[in-house]
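To start, the structure itself, in structure tokens.
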Amino acid sequence: AGMQPCGSAPCPGFRMREVASMYFTMVAVFLVVLVVALQGTAPRESPFPYKVPLDPQGMLELAWNVSYPLRVVHFQVLVKEPKFGLLFGMSDRGEFENADLAVLWSDGRDSYFGDAWSDEKGQLHMDSQQDYQLLEAHKAPEGLYLLFRRAFSTCDPKDYVIEDGTVHLIYGILEQPVRSLHAINTSAIPRGLQRVQLLKPNISAPELPSDTQTMVITAPDVVIPSQETTYWCYMVELPENFPKHHIVMYEPVITAGNEALVHHMEVFQCAAEQGRVPRYNGPCDAKMKPAQLNVCRHVLAAWAMGAQAFYYPEEAGLAFGGPGSSRYLRLEVHYHNPLVFKGRRDSSGIRLYYTATLRRYDAGILELGLVYTPVMAVPPGEAEFRLSGYCTDKCTRLALPPAGIRVFASQLHTHLAGTSVVTVLAREGRARRVVNADRHYSPHFQEIRMLKELVPVMPGDELITTCTYNTQDRSQATVGGFGIMEEMCVNYVHYYPQTQLELCKSAVDPGYLHRYFNLVNRFNDEEVCTCPRASVPQQFASVPWNTFNRDVLRSLYGFAPISVHCNKSSAVRFPGEWEKQPLPTVTELPAPAPRCPPAPAPRPPAPVALHLGRG
């Protein structure tokens, strides 16, 4: 074809154009590779977003993630000083009897991993269905990593069902080589328990406002007392004329090295009508603690070990500051120091994120459950005794706005005998959904938990909170009240928009309880004092707790009318008739059908052999 005229200069031939095109393409590819490489150097989000120390020394570190589509939890355990093996698992209350375990053990030469269970004596047995699936085991400079997975529910009767709420994790360290799984004596090894919420809600963190400020409320270099349990109180004061703000997020601030000692923390706001509250920095149970601190009960933030940052929904924030709001806050830190370390210093606390740009809604806190009264009682020696508190349709119809409220978080609370707390929403006499449930509840692990989704509560809905108690270690009846050996049944639900309703609870009608004491007297030769001067606790204390008296009390709580407390924030009831209200009758939610993963092909139970080197 020869050359074509191209002005005064010859045009480049086809090959020249092709070479130039390839050159620029290569430059573009190089730039793309460079950008990708640079992006690759940015810190990636951890595949295990949740982390907690298992033992008080922090030598065992657990990290995990949750896959709701696969209904699987992936666990990563870091053993910082590997010895001859590890037991890790779950049980109902943290016992080593009737537990579900993943076990790594070594005979001094070879190492093995297997899914095991323990019987009522704590003896280990290899599980016929290996549901703890080992994915990886490797040594690193910081220790030995074990990565394994486990389905929520395996339909293996020997396995623990992982469900919402508290999970009691147990661990044990093998300090000597063992010949076999069966040779492990679980009562003769260093061991312990850790409570966590394994099934965290899969909620993405909302973006914080551009004018977000922070306030760090921390203990002032406290020397942690050398005793197992300490509640430390520290008073802080907001600046004068601090205007109204919205708290939009908070997170823990833990002193490095104390991660295994700081068990849980709360920030309370004092009652506005109290006025000035004196400064204080010391144990919460000290005799020198000013009595005014007892009015600081309005929860602003609550964190427990294993919890992440807490975010409010984008459309709501928790109000603090401004007129009608106390300037005084109380930080309470629970130190759990079972190894009785001496001289440890701590400045842990909570960091509040707040904004002056108020969101659309003020968030509110509504207290559900039982009134703090001795008329609600649990007999001694009970393995499972249930009491229910009712927020009735009459109260919600009167107190809630026509569009209802949206519940986004919940904090459950009992004293020492509580083992389970469940709140159910009912509409038109039928239970519709669970608001929050913790069937392995522990009073030693209380935190505000975000719900997986918003729960709408409409006028006319009922909220029923049921608590289960274990009093097998008690010889006297346990009555309701504020004392630690008395009992409570509470669910603090966090919702928006805020209403005047602050408390919606119930208790049995006192007149019907008096009839119960009269009935017991007739069958027990006047053993119970029902004279006017005898208090309800005194009358319960004199009941002989035979089967009849237990069953009649249980029955009374299941049919007698109730006294309803439908209260405004001023502790004044909404207008209306609230005494001798009929006990709501509600059809129960059907039990969910078990969802079983495909059963693995049957094979003899055998551990996985590992090559980790000697020891």
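The values are calculated or read from the model by the stated rules, or taken from the named source; none is laboratory data. These numbers were taken from a predicted model, which means no experiment stands behind them. No Cβ is skipped: glycine too gets one built from the backbone with ideal geometry, and neighbour counts run over all protein chains shown. Just so you know, the surface numbers come from the protein's heavy atoms only, side chains and all, with ligands and any DNA or RNA stripped out. Shrake-Rupley method; radii C 1.70, N 1.55, O 1.52, S 1.80 Å.
Here are a few things to note about the model shown:
- Qualifying residue in the stretch 246-253 (condition: acidic (D, E) and at pLDDT 90 or above): yes
- If you check V333, V340, V421 for being open to solvent by 10 Å² or more (accessible area, probe 1.4 Å) and of a type outside the set (F, W, Y), only one passes: V340.
- So G460, is it assigned to a loop (DSSP other than H, G, I, E, B), on the phi > 0 side of the Ramachandran plot and either at pLDDT below 95 or over 26 Å from the mean Cα position of the chain (by Cα) (or both): yes
- Flag for E120 being in contact with a Phe, Trp or Tyr (Cβ under 8 Å, 6 or more places away or on another chain) and open to solvent by 10 Å² or more (accessible area, probe 1.4 Å): no
- Of everything in the stretch 133-155 that is in contact with a Pro (Cβ under 8 Å, 6 or more places away or on another chain) and open to solvent by 40 Å² or more (accessible area, probe 1.4 Å), the residue that is modelled with the lowest pLDDT is C155.
Okay, residues lined up against (1) open to solvent by less than 30 Å² (accessible area, probe 1.4 Å); (2) modelled with pLDDT under 95; (3) closer than 18 Å to V196 by Cβ; (4) not charged (D, E, K, R):
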{"position": "L87", "(1), (2), (3), (4)": "yes, no, yes, yes"}
{"position": "S91", "(1), (2), (3), (4)": "yes, no, yes, yes"}
{"position": "F96", "(1), (2), (3), (4)": "yes, no, yes, yes"}
{"position": "V103", "(1), (2), (3), (4)": "yes, no, no, yes"}
{"position": "D107", "(1), (2), (3), (4)": "no, yes, no, no"}
{"position": "D110", "(1), (2), (3), (4)": "no, yes, no, no"}
{"position": "D131", "(1), (2), (3), (4)": "yes, yes, no, no"}
{"position": "P157", "(1), (2), (3), (4)": "no, yes, no, yes"}
{"position": "D164", "(1), (2), (3), (4)": "no, yes, yes, no"}
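Residues checked against (1) in contact with a strand residue (DSSP E or B) (Cβ under 9 Å, 6 or more places away or on another chain); (2) surrounded by 17 or more Cβ atoms within 10 Å (Cβ to Cβ); (3) more than 18 Å from A304 (Cβ to Cβ):
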{"position": "H415", "(1), (2), (3)": "yes, yes, no"}
{"position": "A431", "(1), (2), (3)": "yes, no, yes"}
{"position": "R439", "(1), (2), (3)": "yes, no, no"}
{"position": "M458", "(1), (2), (3)": "yes, no, yes"}
{"position": "C467", "(1), (2), (3)": "yes, yes, yes"}
{"position": "N470", "(1), (2), (3)": "yes, yes, yes"}
{"position": "R474", "(1), (2), (3)": "yes, yes, yes"}
{"position": "M485", "(1), (2), (3)": "yes, no, yes"}
{"position": "Y492", "(1), (2), (3)": "yes, yes, no"}
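- For T186: the one exception among (1) assigned by the TED database to the domain that holds A63; (2) free of Cβ contacts under 8 Å to residues at least 60 places away in the same chain; (3) of a type outside the set (K, R): (2)
- Scope the stretch 171-189; condition hydroxyl-bearing (S, T, Y) and closer than 9 Å to W105 by Cβ; matching residues: S180
- Checking each residue of the stretch 257-271 against the condition of being among the polar types (S, T, N, Q), in the same structural domain as S347 (by the TED database) and in contact (Cβ under 8 Å) with a residue 12 or more places away in the chain gives at least one match.
- Filtering the stretch 223-235 for residues that are outside the structural domain of Y68 (by the TED database), part of a loop (DSSP other than H, G, I, E, B) and either open to solvent by 70 Å² or more (accessible area, probe 1.4 Å) or touching a Cys at 6+ places or on another chain (Cβ under 7 Å) (or both) leaves a non-empty set.
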